[in-house]
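Peer 1: First the structure, then my questions, so here it is.
The values are calculated or read from the model by the stated rules, or taken from the named source; none is laboratory data. Source: prediction; values computed, not measured. FYI the Cβ positions are ideal-geometry reconstructions off the backbone, even for glycines, and counts take in every protein chain you see. Heavy atoms of the whole protein, side chains included, go into the accessibility calculation; ligands, DNA and RNA do not. Shrake-Rupley method; radii C 1.70, N 1.55, O 1.52, S 1.80 Å.
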Amino acid sequence: MSSSNSSEPPSSSIPQIENIYASIIIFGLSFSGCIFNVLAGIVVLRNPILKNAFGALCFSHTIANFGVLFVFCLWVTPTTIIQYKYTELTFGKILGQINILFWNACCYSHLVISLNRFLTISMPTKVNTLFNYRNTCLIIGFVWSMAFGHIIPYFWRDTCYVAYDPVSWTWVFAVSPCGDVITTYTDYYIRMVTEKAAVRPRRMYGTAGS
């Protein structure tokens, strides 16, 4: 997710035709993504092969994906096309907070799914014990608890927030000490660590399922 540490729009405005093109692309990708994630969730729920830890983790990840795409579909698209100037009011900040919740859930879901695949291949006889029903529920609870922990500062919306800027097509953070900390540590560094850790096991061991 592109982000900026400044809430001030750039001095030069983007031609309206480019805003329209951007809105079409954003809507097409986010709407189709919502549909595909709904279909993926249905498949996971109905497929008996996925009645396991991997299926549960994928379903949780699907919910997080859908949440991010839903915000882009119903908020980012229309505000971009009409160049809405008041996205940093309370409603826009709340949607930014919700988007960050789902975004971080996506990142942590990637991490635990990669861990599940790594253990499935490296410890096939023990993975069902490690990822039993209780442990899987705890792991999913951990994912969403960590994601919720990231958005706690955003309840102080005057000094800590993230909002969409339709002029620059980016998410901007509050210009404040809290905004600086969130931008650097809880957004950039943690996201890079979780994504790097999630990608590496897949490169080493592939994604074969059990």
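Peer 1: Identify, please: which residue in region 59-84 is open to solvent by 20 Å² or more (accessible area, probe 1.4 Å) and of a type in the set (A, V, I, L, M) and is, among those, nearest to GLY141 (Cα to Cα)?
Peer 2: The qualifying residue nearest to GLY141 (Cα to Cα) is ILE63.
Peer 1: Continuing with this model, one more query. Looking only at residues in region 145-155 that are surrounded by fewer than 16 Cβ atoms within 10 Å (Cβ to Cβ) and more than 11 Å from ILE94 (Cα to Cα), which one is farthest from the chain's Cα centre (by Cα)?
Peer 2: Applying the filter and picking the extreme gives ILE152.
Peer 1: Now, a different point. Sort through THR120, THR87 and tell me the only one that's in contact with a Phe, Trp or Tyr (Cβ under 6 Å, 6 or more places away or on another chain), at pLDDT below 95 and open to solvent by less than 60 Å² (accessible area, probe 1.4 Å).
Peer 2: Residue meeting the stated conditions: THR87.
Peer 1: Pull out all pairs, ordered by first then second residue, where Cβ-Cβ is under 9 Å, the residues are six or more apart or on different chains, the first lies in region 185-202 and is under 17 Å from LEU101 (Cβ atoms) and open to solvent by less than 60 Å² (accessible area, probe 1.4 Å), and the second is small (Gly, Ala, Ser) and modelled with pLDDT under 65.
Peer 2: Here the result reads ASP187/SER3, each pair linking region 185-202 to a residue that is small (Gly, Ala, Ser) and modelled with pLDDT under 65.
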